[in-house]
Amino acid sequence: MEFKPIPCHESLRPFIRNYWMLKAHCTKMGTQQMFSNGAATLHFYLTQEVQLIDAAMLHQRHDIQPNETAKRYQTALFHQNMQTVGVVTQEGDFEIFGAEFVPFCSRVFFRKEMPDVYVSPEELEDDEFVTLSQKVHKTSSLEERVALLDTFFLKRLAEFPEGDVNIERLNDVFDDIVPTDGTTALPPHSQDEFSPVDLASTACLSQKQFTRVFSKYVGMNPKSYLRLLRFHKALQMLKSTSAGSGPSFTEIAYDCGYYDSSHMISDFRDICGHSPSELANFGTELTEAFGQQFSGLMKKKIKIENLI
């Protein structure tokens, strides 16, 4: 498998982490699991249409095969929530071109409410988005695909209202979650946890108002987002465990803020349908967790020891 991050236009970097290209070869029909990382993503499936499976069905069976009567996607926009999504692929080459947004910034480019966790351009009823998808699939040039996305997003950025107060508030909140200097994120008070109440205070909103704004822009409520960060921190630590040099599950649970290893196991099963030991056995096949840096204004290392 080959994964290549691709920088977007400089003006877009405060809002888009990066574009990317993934190439792989599927030796048989099967289901690839995509863990949520809290950021909206845009996928163009270049070499084959895919079937998308929600978490409830995926957790029941991990060997789902393509269904000829099910809806297939050439392009999908994912508005993240807590749950894993299954991507059902067929045998052969599998290439995806995509974009990953700064967690709260996809609203800058897609203003319509998404009815589901993932939608096609047609389901979103966005004619410009439909045209973009058609052009991206028509060309075989990576450079032209990048140019098409840059042009589309720069136009949408120019149309976005200047001084959007909610974007500014959420930027301040994420500054608290992941400090600019890359140090460990600490709560603003002498507490052992980083609560949604603290984040609401940073945004200068009541907890009810903040939860509404956060959920609208990020795609999940603040408590769920902090829970997802804890899961990803544990997931990163599991990678070193699978290599034989990492801490024990009990140490991981303690370091990541779980009450105990049983709490961590339960949380893992709820989020992704697997136990920590199952994921550790996957080793290098684990989905890529949070990258080391965001882009532009969000260019901060992920250090989350004391979030929740």
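So in the range 182-230, with the set limited to residues that are closer than 20 Å to Gly257 by Cβ, outside any helix (DSSP H, G or I) and hydrophobic (A, V, I, L, M, F, W, C), which one is modelled with the highest pLDDT? Ranking the qualifying residues of the range 182-230, first place goes to Met220. Going by the conditions given, is Glu162 closer than 24 Å to Tyr217 by Cα, more than 16 Å from the chain's Cα centre (by Cα) and in a loop (DSSP other than H, G, I, E, B)? For Glu162, the condition - closer than 24 Å to Tyr217 by Cα, more than 16 Å from the chain's Cα centre (by Cα) and in a loop (DSSP other than H, G, I, E, B) - is met. A search for C-beta distances below 6 Å between a residue of the range 258-276 that is farther than 16 Å from Val85 by Cβ and not assigned by TED's automatic domain parsing to the domain that holds Met237 and any residue that is part of a loop (DSSP other than H, G, I, E, B) and not polar (S, T, N, Q), counting only pairs 6+ apart in sequence or on different chains, returns nothing. Inspection of the range 234-243 identifies at least one residue that is outside the structural domain of Asn37 (by TED's automatic domain parsing), farther than 30 Å from Arg111 by Cβ and outside any helix (DSSP H, G or I). Applying the criterion of at least 1 residues that are at pLDDT below 85, in contact with a strand residue (DSSP E or B) (Cβ under 7 Å, 6 or more places away or on another chain) and surrounded by 22 or more Cβ atoms within 10 Å (Cβ to Cβ) to the strands (runs of 3 or more DSSP E) found wholly in the range 70-129 leaves 85-89. Of all residues in the range 126-141, exactly one satisfies the criterion of being aliphatic (A, V, I, L, M) and in contact with a Lys or Arg (Cβ under 9 Å, 6 or more places away or on another chain), namely Val136.
The values are calculated or read from the model by the stated rules, or taken from the named source; none is laboratory data. None of these values were measured; they are calculated from a predicted model. Neighbour counts run over all protein chains shown; Cβ positions are idealised from the backbone, glycine included.
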